[in-house]
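Engineer: The following block contains the structure, expressed as structure tokens.
The values are calculated or read from the model by the stated rules, or taken from the named source; none is laboratory data. Quick caveat, the model's predicted, so the values are computed rather than measured. Cβ atoms come from the backbone with ideal geometry, glycine included; neighbour counts cover every protein chain shown. Note: accessible area is taken over every heavy atom of the protein model, side chains too, but ligands, DNA and RNA are not part of it. Shrake-Rupley method; radii C 1.70, N 1.55, O 1.52, S 1.80 Å.
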Amino acid sequence: MPSTIVIVGSGFAGLWSALSARRLIHLRGQDETIQVVVVAPEPALVLRPRLYEADAASMKTSLEELFRVTGVRFVQGSVRTIDTEKHVVRLASGQEAISYDRLILAAGSRLVHPASVAGLEGYAFNVDQLDSASKLEAHLRHLASLPASPARDTIVVGGAGFTGIELATELPERLRSIFGNDQIPQVVLVGNSAEVGPELGPGPRPVISDALQELGVQVKLGAAITAIDAEGVTLATGERINTMTAVWTAGVAATPLTQQIQGERDTFGRLRVNPELRVPTSPNVFATGDAACARTEADGPYAMMSCQHAQILGRVSGHNAAADLLGEPTTPYSQPSYLTCLDLGAYGAVLTQGWDRSIMAKGAVGKKIKNYVNREVIYPPPADAAQAFAAAEPVALDYTEQLTHMIAMQVQ
């Protein structure tokens, strides 16, 4: 019987875990002795960072052929339970169980729905998953067929963080394409912090504020949403905003499956892992992507819950799970370079470098970089084993030099 590496999830971290593990196994000529199994609802990568854009249904790319040519076995299903003592994962449908020798938890994260916001589950839209983003898009198109009213003509985006800003700045142009020459609905961005984009720091904030103002997005800060219903939202200040469209973007948490693995977790529910991305209390389990709380370098900041970090975390976790079974040295995770590329709709985008987020580019130049990231960088490799394995090497990718060159070419 071959040894088995089971990977839970086919997102950015799960995909790159699978390719990296298969890369090392193939290089060592152990294709028949170690198998890599990915368990996910479907063999596809949802381009979750792009779900704030129009045409959500197109933000998915099949992995079926890529898995086939690289020798990754795919099992369709959702993992219900993880038994770390018996080394088994059980699927939600039926009694199917899959045994593992090494497990990589790469099941991502989910949007948080705080119980303190009344009506959130029943009345709010979101862009967290493909189906919910598609539901919002269908709703926006339906609005144009309704008679004008304050509730129809107001869109409220709850949460003034990264996703909230990208959605709020994208919406005016999307609404213009839907409503044509008619007056488009007012977009209102609501955040409970005193500043827009609090986690982004002061560096890009003036650019963000300029974009919101130029695009006509109304901003209400220091006012948490406390209730949502079919006709509006209520703020902690008591203010009522009439709207048929409240979109919730505030807060994420790691997959609930992290709760089934013994170990220390952070405030997001991520499992704290050692530099090789192993869960210290469960030595046969690796956590990666949004399920892992990992330092980007010794005593450095922790990885963000983003595809930028997930792609490298996946490469390292997959390599290490395979190396562990092969009796080879593991590779510590390291990703000191950090870039932030924030879409600002028709205004452009802002690109920053480092954890202090110093601005590299903004406006139209920033938008070209953002389009490159969204349409090139985050996509999987072609369905060619040699190219896929070459791309899956567990090294920290630094796009700074490449993007700096692109910026220089744009401004000449």
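Engineer: Give me the percent of Cα-Cα pairs in segment 194-314 that sit more than 21 Å apart, rounded to a whole number.
Structural biologist: Values: 4111 of 7260 pairs.
The proportion of pairs with Cα distances above 21 Å equals 57 percent.
Engineer: Not counting the cut sites, what is the longest span of the chain without trypsin sites (Lys or Arg not before Pro) that DSSP labels loop and that have at most 15 other Cβ atoms within 10 Å? Walk me through the numbers before you get to the answer.
Structural biologist: Details: sites that count: R28, K86.
With a cap of 15 other Cβ atoms within 10 Å, the longest stretch comes to 87-412.
Engineer: Now for a different question. Give me the extension gain from T267 to E239: residue separation times 0.36 nm, minus the current Cα-Cα distance, reported in nm with one decimal.
Structural biologist: Numbers: separation 28, 0.36 × 28 = 10.08 nm, distance 3.04 nm.
Extra length from T267 to E239 when fully extended: 7.0 nm.
Engineer: Go through segment 318-335 residue by residue and turn each phi into a ³J(HN,Hα) via Karplus (6.51, -1.76, 1.60, θ = phi - 60°); whole Hz please, and just put x for glycine and proline.
Structural biologist: x, 4, 5, 4, 5, 4, 4, 6, 7, x, 9, x, 8, 10, x, 6, 8, 8
Engineer: If ligands, DNA and RNA are left out, what is the accessible area of M406 with a 1.4 Å probe, given in Å² to the nearest 10?
Structural biologist: Ignoring ligands and nucleic acids, M406 comes out at about 50 Å².
Engineer: Pick out which of G366, G180, G71 has the largest mean-square fluctuation in a Gaussian network model of the chain, springs linking Cα atoms closer than 10 Å.
Structural biologist: G180
Engineer: Step through the residues of segment 237-252 one at a time and calculate ³J(HN,Hα) from phi using the Karplus curve (6.51 cos²θ - 1.76 cosθ + 1.60, θ = phi - 60°), rounding each to whole Hz and writing x for Gly and Pro.
Structural biologist: 6, x, 5, 10, 10, 6, 7, 9, 9, 9, 10, 9, 10, 8, x, 9
Engineer: Next question. Between D299 and E96, what is the spin-label point distance in nm, taking each point 7 Å from the Cα along the Cα→C-beta axis?
Structural biologist: Modelled inter-label distance: 4.9 nm.
Engineer: Hey, how many Å between the Cα centroid of segment 378-410 and the Cα centroid of segment 191-250?
Structural biologist: Their Cα centres are 35 Å away from one another.
Engineer: Also, quick follow-up: I need the phi-derived Karplus couplings for segment 387-400: 6.51 cos²θ - 1.76 cosθ + 1.60, θ = phi - 60°, integer Hz, Gly and Pro marked x.
Structural biologist: Result, rounded to whole Hz: 5, 5, 5, 5, 6, 8, 4, x, 10, 6, 7, 10, 8, 4.
Engineer: Please list, ordered by chain and number, the residues whose modelled amide H lies under 5 Å from the amide H of E276; skip anything fewer than 5 residues away on the same chain.
Structural biologist: Counting only residues 5 or more places away or on other chains, the set is Y333.
Engineer: Report the GluC sites (Glu not before Pro) located in segment 36-87 that are in a DSSP loop and have at most 12 other Cβ atoms inside 10 Å of their Cβ, or state none. Mind showing how you got there, number by number?
Structural biologist: Numbers: sites: E53, E64, E65, E85; in loops: E53, E85.
For GluC sites (Glu not before Pro) across segment 36-87 that sit outside H, G, I, E and B with at most 12 neighbouring Cβ atoms in 10 Å, the list reads E85.
Engineer: Using Cα pairs closer than 8 Å and at least 6 residues apart in sequence, work out the relative contact order for the chain, in percent.
Structural biologist: Details: 901 pairs, mean separation 80.0, N = 412.
The value is 19 percent.
Engineer: Would you grab the residues whose amide H sits under 5 Å from the one on C293? Only those 5+ places off in sequence or on another chain, please, with H modelled 1.01 Å from N.
Structural biologist: L271, R272, V273
Engineer: Inverting the mean 1/r over all pairs of different Cα atoms, compute the Kirkwood radius of segment 60-121 and quote it in Å.
Structural biologist: Over segment 60-121, the inverse of the mean reciprocal pair distance is 14.8 Å.
Engineer: Also, I was wondering about something else. Separation of segment 307-368 and segment 58-132 by C-alpha centroid, Å?
Structural biologist: Cα centroid to Cα centroid, the span is 22 Å.
Engineer: Also, quick follow-up: Tell me, what is the FRET efficiency for T281 and A364 to the nearest 0.05, using R0 = 51 angstrom and their Cβ-Cβ distance as r? Please report the intermediate quantities before stating the final value.
Structural biologist: On the way: r = 50 Å, r/R0 = 0.98.
The pair T281/A364 has a calculated efficiency of 0.55.
Engineer: Hey, another quick one. Cross-link partners among lysines for K60, C-alpha distance below 24 Å, same-chain residues fewer than 8 apart left out?
Structural biologist: Partners found: K135, K367, K368, K370.
Engineer: Let's test this: bin the Cα-Cα distances of segment 102-254 at 5 Å from zero up to the farthest pair and state each bin's percent.
Structural biologist: Going from the shortest bin to the longest, the percentages are 2, 9, 18, 23, 20, 15, 8, 3, 1, 1, 0, 0.
Engineer: Under 5 Å between amide hydrogens, which residues at least 5 positions from L344 or on another chain qualify, with H placed 1.01 Å from N in the peptide plane?
Structural biologist: A349, V350
Engineer: Next question. Ordering H319, H26, H87 from largest to smallest accessible area (1.4 angstrom probe), what's the sequence?
Structural biologist: So the residues, ranked largest to smallest area, are H26, H87, H319.
Engineer: Which length gain, in nm to one decimal place, applies between N274 and A408 when the Cα-Cα distance is subtracted from 0.36 nm times their residue separation? Before the final figure, lay out the partial values.
Structural biologist: Values: separation 134, 0.36 × 134 = 48.24 nm, distance 3.88 nm.
Length gained between N274 and A408: 44.4 nm.
Engineer: Let me ask another. In debye to the nearest 20, how big a dipole does the chain give about its Cα centre with +1 on each Lys and Arg Cβ and -1 on each Asp and Glu Cβ? Working shown, then result.
Structural biologist: Values: 33 positive and 42 negative charges, 25 e Å.
So the magnitude is around 120 debye.
Engineer: Given a 1.4 Å probe, how much area per residue of the chain is accessible, in Å²? Walk me through the numbers on the way to the answer.
Structural biologist: Details: 17430 Å² over 412 residues.
Counting only protein heavy atoms, the per-residue value for the chain is 42 Å².
Engineer: Determine the gain in length on full extension of the stretch S149-R68; use 0.36 nm per residue of separation and subtract their C-alpha separation, reporting nm with one decimal. Walk me through the intermediate numbers first.
Structural biologist: Values: separation 81, 0.36 × 81 = 29.16 nm, distance 5.25 nm.
Additional length available on full extension: 23.9 nm.
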